[in-house]
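Read-outs: derived from the displayed coordinates by stated rules, not from any lab. What you see is a predicted model, and the numbers here were worked out from it, not measured in a lab. Every residue, glycine among them, receives a Cβ derived from its backbone with ideal geometry; neighbour counts consider all protein chains shown.
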Amino acid sequence: MFIELGHFALILAFAVAIVQTIVPMIGAQKGWSGWMALAEPAATVQFLLIAYSFAALTYAFVSSDFSLLLVVSNSHTAKPLLYKISGVWGNHEGSMLLWVLILTLFGACAAWFGGNLPPSLRARVLAVQSSIGVAFLAFILFTSNPFMRLAVPPMNGQDLNPLLQDPGLAFHPPFLYLGYVGLSMSFSFAVAALIEGRVDAAWARWVRPWTLAAWVFLTIGIALGSWWAYYELGWGGFWFWDPVENASFMPWLIAAALLHSAIVVEKRESLKSWTILLAILAFGFSLIGTFIVRSGVLTSVHAFANDPERGVFILIILGVFMGGALTLYAARAGVMEAKGVFSVVSRESALLLNNILLAVAAFVVFVGTIWPLVAELLFDRPLSVGPPFFNLAFTPFIVALAVVMPIGAILPWKRALIGRAMQKLWGILALSFAIGALVWVMQTERSMLAPVGIFLGVWLVSGACVDLWLRSGRGAIGARFARMSRLPRADWGKAVAHAGMGVTIFGIAALTAWDIEDIRVANIGEGFTVGKYEITLEKVEQVQGPNYFSTQAEMTVTRNGKHVSTLFPEKRVYPVAAMPTTEAAIDNGVLRDIYLVIGDVQDGGGYAVRTYIKPFANWIWAGAIIMALGGFLSLSDRRYRVAAGARKSAVPVAAE
């Protein structure tokens, strides 16, 4: 009964979403306050109904209710509880229900915390948000119903994909969905503003917190996915330019551009048209990502579905919302006339350059991701676009972006002199160049990748510090530090996020340039040397887990005769799913990771062993965490909350 009510709640939420889409929109057009006010309780009711439906599906997984087809296909009684819960969204139908749950959560939050928004704008935002819910609830109910029953339930299930039975993947999808589904709020604000004919500084203040929250969650989700790929897939890499990876990376780039563009609208009432377009495109790339993951048109190691009919449905949703929004955008071009003017050298120009670089980088990723599909349709031949293309085409734009960021952060608004701005940065530029040159001299027969990456990392981190120092004013050092500690959280958040990007760039460059790889056949008791470490395969034994069998190796790592670590790489087989997985063993360190993978037994009695020495690997994810922390700091600033957007503050808005 509990599960049947979950299905009924889903149907009822679909009906509520239709009402919420139509009635408040008419009320806003006619000026009927009662009809507009309906949007808030409807948003709450819709969220509660979806939450109940999701809870019912979760209960079915936890209790191993094999009368549900979805539970049979993605669970098993021997599976640990964590993976029973994560199995709810470890499949197409359940993940779409999570998608809609987060969509309605953002809509409900706009109803709960948007009390200071103009009533007509709030009604239109909630109506547009609900229209997205209507589309995806229809998609779930008509093509992807998670509550399909079986007439004769089996005794046990078929288990979840073993690759997804991992803590990283348990938390990765929820954060990712909070990110790119959260961008629906930016889209709803953009469309509502176009309908209302009002795009101004107040609108920019309202839309920024939603975009910032989505960007922070997307940052965390992408970092978790990268971390999972690093240690779970056993390939030793952190990013493979996989279509699913790119599906989340494209909206992250556009959301970052939108955040910076909205600052110009808020401060100078310029770039209105561009900012609205970015808000539309950010959610559009999220929908494109949903299409890529669920249509089966592109192959990925962790795509959710391979169903062209479902892909067509999502493509229709994409066409309706993007086509409708862009048509409205073209029709309302007159209301987005810029008021502020600025010179070529100014903070506005620097932020515009930032936007162009991020947008072009996103376009490069899009072309590389979608080109295999285009080539197959037009030329009838398979084509693969791999890391060499992305690295060559994408990297220059990120390098240029990193060079510009510290300069743009300290330029004055409206008009600036580049020479005066650089006077404050020559010292850190010289420091960054000197450290990069030192690394170039110390390394032998290596590429320029590591020196350039270190230069950019030091440049960004020290640039963020200089930015904070300059904002502290003049006077004694102690007084400046005291004033710096009292700076708005938004100022600290920006500096921390920029520094985090510098840390990540350094980590990526160092790992890529200095990575050591060794592949060999090792016999039990045999030692071998990789880099500065001696590694010995001590023994190999069979181990049984809760729902898998494992070939587990014990390997000791020493350096100059001193014990460093004992590692236990595994090769697991999940008998229910009949699928093997590789479990790398990693000795994590601040300066390096020692990464070991055990393979199959060889004809001579030895085992295939892969060894990687990964310098500064953890700096990649540390940088992502720092970026997310910077976003949370900015989000905690009272002036950037939704409700604070309409209030006048005695303290000027922090420059960025």
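Quick look at the numbers
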quantity: Set LYS30/LYS272; LYS539/LYS562; LYS272/LYS424; LYS267/LYS494; LYS79/LYS614; LYS84/LYS539 screened for pairs whose C-alpha atoms are more than 24 Å apart; calculated: LYS30/LYS272; LYS272/LYS424; LYS79/LYS614; LYS84/LYS539
quantity: Centre separation in Å (Cα based) which lies between region 412-446 and region 318-332; calculated: 43 Å
quantity: Cα centroid of region 492-552 to Cα centroid of region 279-293, whole Å; calculated: 34 Å
quantity: Length-normalised contact order of the chain in % [C-alpha pairs under 8 Å, at least 6 apart]; calculated: 12 percent
quantity: Shape call, region 1-165: gyration tensor on alpha carbons, a/c limit 1.5; calculated: prolate
quantity: Charge dipole of the chain about the Cα centre (unit charges at C-beta), most positive-ward option of LEU183, GLY561, GLY334; calculated: GLY334
quantity: Packing-based exposure ordering (other Cβ within 10 Å, fewest first) of LEU164, LEU392, LEU176; calculated: LEU392, LEU164, LEU176
quantity: Highest-first arrangement of 533-544, 34-45, 612-623, 395-406, where packing means the average Cβ count within 10 Å; calculated: 612-623, 34-45, 395-406, 533-544
quantity: Shape call, region 516-617: gyration tensor on alpha carbons, a/c limit 1.5; calculated: prolate
quantity: Two-site label geometry, TRP440 and VAL367: point separation in nm, points 7 Å out along Cα→Cβ; calculated: 2.9 nm
quantity: Computed over region 133-269: relative contact order in percent, which uses C-alpha pairs under 8 Å that are six or more apart; calculated: 30 percent
quantity: Rounded, prolate or oblate (a/c below 1.5 giving rounded, otherwise prolate when a/b exceeds b/c) for the chain by Cα gyration tensor; calculated: oblate
quantity: Footprinting exposure proxy for SER63, SER565 (fewest neighbouring C-beta atoms within 10 Å first); calculated: SER63, SER565
quantity: Part-to-part distance (alpha-carbon centres) for region 5-84 and region 557-582, which is given in Å; calculated: 42 Å
quantity: Within the chain: Cβ-based charge dipole about Cα centre, in debye rounded to nearest 20 (Lys, Arg +1; Asp, Glu -1); calculated: 3240 debye
quantity: Residues HIS92, HIS172, HIS7, sorted so that the one with the fewest Cβ neighbours within 10 Å comes first; calculated: HIS7, HIS92, HIS172
quantity: Computed over region 1-165: relative contact order in percent, which uses C-alpha pairs under 8 Å that are six or more apart; calculated: 36 percent
